[in-house]
């Protein structure tokens, strides 16, 4: 079961470039990031993220064009199931996930349009620091002529867009 914290769900514009994003905090985090800003999300808190909950959130937040999972929880099968539901029912919606892991399985990249990897490390800084260890990838999904990826190749390509969070150190007026 995937659980989220309804009180923390919000519309944001800075997490995924060029997207109006519904950011949904997922609990049961398995990460142990030093300096974690939400350590209570390691606990089993919140409510189940069901298709009905997704429908309600999206109807209450007209205009969002991205659904962001802030974390993966501890049930990969349930994560993939709710992701498949969103992809099927809301095909125009961009799907994104922030994982705190160093790397993720191909299934994650194949299921999402944006994937952030890397645990937060205070010494490296967050995504908007050039020294960050975290990376945000834009995922381009490939299709063969028959409509599905060829069996011997990955069904996606990755573009590291972390640089889009970096600001110039000086402003010119």
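The values are calculated or read from the model by the stated rules, or taken from the named source; none is laboratory data. Since the structure is predicted, the reported quantities are computational estimates derived from the model, not experimental observations. Here the Cβ is made from the backbone with ideal geometry for all residues, glycine too, and neighbour counts use every protein chain on show.
Name the residues in segment 18-49 that are part of a helix (DSSP H, G or I) and surrounded by fewer than 15 Cβ atoms within 10 Å (Cβ to Cβ), would you?
Residues satisfying the conditions are 39, 40.
Considering each of 52, 7, 15, 77 in turn, give the residue that is part of a helix (DSSP H, G or I), within 19 Å of residue 99 (Cβ to Cβ) and at pLDDT 95 or above.
Criteria check complete, one pass: 77.
All but one of (1) touching a residue at least 24 places away in the same chain (Cβ under 8 Å); (2) touching a strand residue (DSSP E or B) at 6+ places or on another chain (Cβ under 7 Å) hold for residue 10, so report the exception by its number.
So the condition that residue 10 fails would be (1).
Restricting to segment 143-173, and then to whatever is surrounded by 14 or more Cβ atoms within 10 Å (Cβ to Cβ) and over 21 Å from residue 16 (Cα atoms), can you tell me which residue is modelled with the highest pLDDT?
155
Only one residue in 84, 96 is modelled with pLDDT of 95 or more and within 13 Å of the chain's Cα centre (by Cα). Which one?
Among 84, 96, only 96 is modelled with pLDDT of 95 or more and within 13 Å of the chain's Cα centre (by Cα).
Can you confirm whether segment 119-137 contains a residue that is loosely packed, with under 14 Cβ neighbours inside 10 Å and touching a strand residue (DSSP E or B) at 6+ places or on another chain (Cβ under 9 Å)?
No, there is no match, as no residue in segment 119-137 is loosely packed, with under 14 Cβ neighbours inside 10 Å and touching a strand residue (DSSP E or B) at 6+ places or on another chain (Cβ under 9 Å).
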